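*Asks:* One structure, as structure tokens, below. Some questions next.
The values are calculated or read from the model by the stated rules, or taken from the named source; none is laboratory data. Predicted model, so just to flag it, every value in this text is computed and none were measured. Neighbour counts run over all protein chains shown; Cβ positions are idealised from the backbone, glycine included. Ligands, DNA and RNA are excluded from the accessible area calculation, which covers all protein heavy atoms including side chains. Shrake-Rupley method; radii C 1.70, N 1.55, O 1.52, S 1.80 Å.
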Amino acid sequence: MAGMETPGVGSVLQTPGYDSLSYKDNLIGTLLAISGNLLISISLCVQKYSHLSLAGNKDSRVYYKTKSWWCGLLLTLLGELGVFVSYAFAPLSLVAPLGAVSVIASSILGFVFLREKWKPREFAKRYILSFLGCILTATGTYLFVTFGPNSHERLSAENMVKHVISWPFLLYLLLEIIAFCLLLYVYKQKKVTYLVVIVLLVALLGSVTAITVKAVSGMTVLSVQGQLQLSFPIFYVMLVCMVATVLFQASFLSQASNLYDSSLIASVNYILSTAFAIVAGAVFYLEFNQESVLHICMFLLGCAICFLGVFLVTKNKRRTKAFEPYVTMDMMQGIPTIHDNGRAVQPDYNGSFSYGALVNSESAIPAALPVVPEQLATGPAAATYRSDDLKQD
């Protein structure tokens, strides 16, 4: 390979400074990805703080009229831009798992700045597994960054075309399309709404998104550096595929959020999407061709440890309980009424929403609620009833 004048599919620029150049690019891409994920975590924390401040201060302003919310949005855009540019420097298999940095940062920031009230005896039960998950995630991140692929390739339009028409990618794309169609048939026609089915659809689309994002990012950076790539059709093909797959992923994730807990979705989606992105990087960009078996095994071990850590972090998030009112209040001709549908009107509840319900003692006898007719009586009979009541009073 070193004697080839023109790099072919998956070939690496073999120059005297190859190792240092690859190390430098990987370092830039890794730092950009880590910084971008940290900014995204901080932005989410800032935006949540904005919502909590409005609710706590009973502020009637809309959230998008606050400075803190716009500050969070700006940090989100900067973070996404950093992650996008990182794909142009570091291998896809190295950037994709770094989303775990966002999980660790969100857990730490949420605990420090947005922590809920907790009792000392519940601390270990609630947070020890989360701390263990953070440690495992950090350890796994260190391993896969250290032993990750060290490839370096100019992501020009010519190289992208060669990758697209290569037989490993065409075979991989064919298998992915078949799997996607089968899962979509099971999900839509057979009404199988398991979380794994929905997230697998997202992960299959995500692998295409990862390939196209790296291609668009690489060609954009080359154009900024002076080697114009925006005039080639392959750039716009990759751009359209990137936007389309992102929109479809958002649609499937929205459907999943209506059926399952958000923390469980985040955990399973991260694991499956990262795994498929690594496979896509290995097949499309041939990122592991220059790596030894030991490096590949250590990289996969780091990813597995990181997946376990992310699962533990998201698993121990507190589940929010939906608020259900105790009393159903309706308006009937301007008069509030209480309807008893066979359930206790004010059950005893030890949560935060108590409404001051009395706790019955052993000798207390619960009073029966008066039966209220569905409609008020009108006419002479009603007038007679009211006059009799006045006489009794």
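*Asks:* Go through the stretch 103-122 and give me each residue that's at pLDDT 70 or above and open to solvent by 20 Å² or more (accessible area, probe 1.4 Å).
*Replies:* Hits for the stretch 103-122 are V103, I104, S106, S107, I108, L109, G110, F111, V112.
*Asks:* Still on this structure: Out of curiosity, is L200 under 20 Å from A275 (Cβ atoms), loosely packed, with under 11 Cβ neighbours inside 10 Å and at pLDDT 95 or above?
*Replies:* no
*Asks:* Applying the selection to the stretch 221-249, what residues are open to solvent by 20 Å² or more (accessible area, probe 1.4 Å) and assigned to a loop (DSSP other than H, G, I, E, B)?
*Replies:* Within the stretch 221-249, Q225, G226, Q227, L228, L230, S231, F232 meet the criteria.
*Asks:* How do the pairs read when you match residues in the stretch 301-312 that are under 12 Å from P97 (Cβ atoms) and aromatic (F, W, Y) with residues anywhere that are open to solvent by less than 10 Å² (accessible area, probe 1.4 Å) and not in a helix (DSSP H, G or I), using Cβ under 7 Å and keeping only pairs 6 or more apart or on different chains?
*Replies:* From residues that are under 12 Å from P97 (Cβ atoms) and aromatic (F, W, Y), there are no pairs.
*Asks:* Checking the conditions here, which among G133, G206, G218 is crowded, with 18+ Cβ neighbours inside 10 Å, touching a Gly at 6+ places or on another chain (Cβ under 9 Å) and in contact (Cβ under 8 Å) with a residue 24 or more places away in the chain?
*Replies:* Answer to the check: G133.
*Asks:* Oh, and also: Can you pull out the residues in the stretch 35-44 that are more than 17 Å from K65 (Cα to Cα) and open to solvent by less than 30 Å² (accessible area, probe 1.4 Å)?
*Replies:* Hits for the stretch 35-44 are G36, N37, I40, S41.
*Asks:* Sticking with this one: Given the residues L74, L44, L31, which is the only one that is under 23 Å from G148 (Cβ atoms), of a type outside the set (G, A, S) and modelled with pLDDT of 70 or more?
*Replies:* L31
*Asks:* Next up: Is it fair to say S251 is hydroxyl-bearing (S, T, Y) and closer than 24 Å to E153 by Cα?
*Replies:* In short, no.
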